[in-house]
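Chemist: Before I ask anything, let me first share the structure, which is written out below as structure tokens.
Only the coordinates and a few stated rules stand behind these numbers; no lab work does. Keep in mind that what you see is a predicted model, and the values were worked out from it rather than measured. Reconstructed Cβ throughout: ideal geometry from the backbone, glycine too, with neighbour counts over all protein chains shown.
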């Protein structure tokens with residue numbers, strides 16, 4: 001090809017090569033100058049930007065601020081990264097004038113982008129900041145002497161160089177945060193919240209953030225999604241910072257609480273300040289169960305609660321619940337407990353329970369292994385429920401104290417038990433010929449008494465069981481698994497002993513009628529019920545001592 005070039009073209013070719021080399025050299029030099037200029041600018045901008053970040057946080061939180069590293073790189077303008085950020089909030093304590101040195105806010109790393117034009121503005125505005133590894137410590141309420149910075153213990157204030165806010169942020173994306181509500185109450189543990197992700201949108205300094213957050217609930221395990229407002233930040237007393245929002249809690253696994261089963265979903269609202277949050281909501285567990293019975297039942301609740309951030313205690317005022325055909329209320333508290341080594345051992349739960357409209361079969365289906373439930377009937381009950389902390393399943397550690405109950409229209413689901421009750425009623429009314437499975441009328445009964453539940457065993461006192469023609473008074477206990485019955489008492493009947501049987505037996509019993517006629521009853525007969533739910537044993541309790549003189553039970557004569 002070179003042979004076809006003219007002499008003039010051959011002379012021009014070396015010049016063009018020199019031109020391109022000159023252009024490339026100039027371009028490379030300019031690029032190098034730009035790099036050097038950027039390095040120079042970034043080197044000088046870093047301390048300026050560092051001061052802006054420190055002063056802004058110091059002014060916002062009224063606290064000294066420490067920042068280990070801050071770097072500027074060339075990425076879509078200025079790419080800024082930082083690490084080791086601490087808002088100290090050093091305050092005086094009541095411990096002999098000592099100062100608190102634990103940082104209030106710790107940030108492992110953060111990053112954001114800005115332009116040179118935005119950097120020159122005063123104040124500087126940043127679009128998005130990404131923050132990772134946050135730990136917020138809120139000191140106990142007793143440590144409120146005020147931050148040292150505000151008290152004049154900061155050198156910059158002495159030289160009239162108080163920090164000013166010179167950076168404003170539109171959105172903050174926070175990942176992996178922990179909020180710790182500290183306490184100085186003996187026996188109480190700090191309250192911790194794990195926050196997977198939160199987005200804060202700042203409208204103005206004096207206005208609250210709008211946030212969207214996802215929190216991890218430890219027990220039952222599940223994610224809580226919340227949207228609401230946070231702030232404005234109370235620099236003098238962070239625990240008084242306002243907070244509100246709407247939340248949802250879906251697909252929480254109740255099996256992570258030993259002894260319980262089911263999947264919980266909840267939604268509601270909350271508001272207040274960090275150290276005292278009021279919440280109202282509803283929760284549904286369509287398959288709630290206890291491991292002692294493993295009989296799932298639908299449970300729906302409404303609740304009003306107050307969370308004390310200083311101790312982690314929760315006041316329930318009240319909880320309203322529906323389970324199958326039962327409706328009940330509860331008020332009380334949930335307290336976090338630690339052992340002598342300072343480790344958390346769980347929650348101590350205490351509730352006053354009121355069941356004005358319930359069904360005994362609903363309660364038995366939930367708590368007793370046997371199926372169907374031993375008894376049916378309308379139930380009203382009041383009791384104190386206590387669930388102590390510990391690794392024992394809930395069904396085995398639950399306690400009921402000072403319980404009182406009334407069951408109306410009671411019938412036994414076991415044919416063996418109900419048929420004996422029906423025949424007993426016929427005899428007690430003086431109808432011995434009808435005291436058989438075929439002729440005896442099915443009867444319902446009423447019972448009331450006092451009870452306590454502990455270690456899966458129910459103890460019943462002052463049981464009064466009323467059926468047509470008879471009244472039963474008894475004390476005893478039985479196990480929730482139905483494998484233990486032990487009741488002792490007396491049956492008081494309308495009819496005399498001789499009227500409860502026929503033929504020659506009736507004639508012979510007339511001689512002993514006077515010995516059993518007591519307390520305005522036709523007869524008073526000592527009895528016992530032992531065995532199990534499937535194999536009950538009824539019989540005379542001949543070992544019972546005659547306590548007629550000591551009997552102060554006020555009962556009407558059987559009808």
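Chemist: With a point put 7 Å past each Cα toward its Cβ, work out how far residue 212 is from residue 125 in nm, to one decimal.
Modeler: 2.2 nm
Chemist: Can I ask one more? Once the Cβ-Cβ distance between residue 505 and residue 338 is put in as r, and R0 is 60 Å, what FRET efficiency do you end up with, to the nearest 0.05?
Modeler: 0.30
Chemist: Work out the FRET efficiency for residue 306 and residue 192 from their Cβ-Cβ distance, taking R0 = 22 Å, and round it to the nearest 0.05.
Modeler: With a Förster radius of 22 Å, E is 0.70.
Chemist: Pulled fully out, how much extra length does the chain show between residue 484 and residue 419, if you take 0.36 nm times their separation in residues and subtract their Cα-Cα distance?
Modeler: Value of the extension gain: 21.4 nm.
Chemist: Compute the length gained on full extension between residue 102 and residue 357: take 0.36 nm times their separation in residues and subtract their Cα-Cα distance, giving the result in nm to one decimal.
Modeler: Numbers: separation 255, 0.36 × 255 = 91.80 nm, distance 5.29 nm.
Roughly 86.5 nm would be gained on extension.
Chemist: Using a basic spin-label model with each label point 7 Å from the Cα along Cα→Cβ, how many nm lie between residue 444 and residue 456?
Modeler: The modelled label-to-label distance comes out at 3.3 nm.
Chemist: Name the shape class, rounded, prolate or oblate, that the alpha-carbon gyration tensor gives for segment 375-540, where a ≥ b ≥ c are the square roots of its eigenvalues, rounded holds for a/c under 1.5, and otherwise prolate holds if a/b is larger than b/c and oblate otherwise.
Modeler: In terms of gyration-tensor shape, prolate.
Chemist: Hey, another quick one. To make sure I understand, if each residue's beta carbon is the centre and we count other beta carbons within 10 Å, what order do 535, 192 fall in, fewest to most?
Modeler: 535, 192
Chemist: Another question, if that's okay. Given R₀ = 25 Å, FRET efficiency for residue 48-residue 176 by Cβ-Cβ distance, to 0.05?
Modeler: Efficiency, rounded to the nearest 0.05: 0.25.
Chemist: Considering only C-alpha atoms, what is the centroid distance from segment 434-458 to segment 315-385, in Å?
Modeler: Segment 434-458 and segment 315-385 have Cα centres spaced 23 Å from each other.
Chemist: Obtain the nm distance between the two label points defined at residue 71 and residue 291 by a simple spin-label model: each point lies 7 Å from its Cα along the Cα-to-C-beta direction.
Modeler: According to this spin-label approximation, the distance is 5.1 nm.
Chemist: Gain in length, residue 265 to residue 325, computed as 0.36 nm per residue apart minus the alpha-carbon separation, to one decimal in nm?
Modeler: Details: separation 60, 0.36 × 60 = 21.60 nm, distance 2.05 nm.
Difference between extended and current length: 19.5 nm.
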